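Only one structure is covered here, and it is reproduced in the block below.
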Amino acid sequence: MAYIHRLIREADDAGLNVLYEGVILTTILGELPKLHEEGRPIVVVNLTSDLETCLLGIADRRQRKGEGATVAEVRAGLEEVTVKNNVGKLKSALKTARQLEAVGISVFNCDRLQAVATIQEVLSL
């Protein structure tokens, strides 16, 4: 993680925008406030899609691969612990996003479509 954060600093110093995708908020809670305190332009786009939307996305990806899964089949194939873990991750991400927002970091809570539009706007695309 230290290497990734060093690259972020170097890119920002070079005037580049960085899209840091797939961030597990709870693992970087300490580093993002540091980057923010350094004056780095930190924006967090937090996905708030509900479980059914996530399952629909999984089913859609599997169908496009020719695996023919429906949402019901995807749900049936998941162990209950997986469902609980995903719900727990969502709650944890929302809690962490609130903590980041409390220290002044811009946080946008978005569904999947809103997230794409927000990222395009933030990166001036």
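Which one of these is modelled with pLDDT of 85 or more, in contact with a strand residue (DSSP E or B) (Cβ under 9 Å, 6 or more places away or on another chain) and surrounded by 11 or more Cβ atoms within 10 Å (Cβ to Cβ): Ile42, Ile8?
Just a single option satisfies the conditions, and that option is Ile42.
Let's see how each residue does on (1) farther than 30 Å from Tyr3 by Cβ; (2) touching a helix residue (DSSP H, G or I) at 6+ places or on another chain (Cβ under 6 Å); (3) at pLDDT 75 or above:
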residue	(1), (2), (3)
Glu21	no, no, no
Pro33	no, no, yes
Glu52	yes, no, yes
Lys65	yes, no, yes
Lys91	no, no, yes
Thr96	no, yes, yes
Ala115	no, no, yes
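If you go through region 51-73, how many residues are in contact (Cβ under 8 Å) with a residue 12 or more places away in the chain and under 29 Å from Thr118 (Cα atoms)?
Total satisfying the criteria: 11.
Which one of Lys84, Lys89 is part of a helix (DSSP H, G or I) and surrounded by fewer than 13 Cβ atoms within 10 Å (Cβ to Cβ)?
That would be Lys84, the only listed residue that is part of a helix (DSSP H, G or I) and surrounded by fewer than 13 Cβ atoms within 10 Å (Cβ to Cβ).
So, in region 98-112, how many residues would count as being in contact with a helix residue (DSSP H, G or I) (Cβ under 6 Å, 6 or more places away or on another chain) and either farther than 16 Å from Glu31 by Cβ or acidic (Asp, Glu) (or both)?
2
The values are calculated or read from the model by the stated rules, or taken from the named source; none is laboratory data. In this text, all values refer to a predicted model and were calculated from it rather than measured experimentally. No Cβ is skipped: glycine too gets one built from the backbone with ideal geometry, and neighbour counts run over all protein chains shown.
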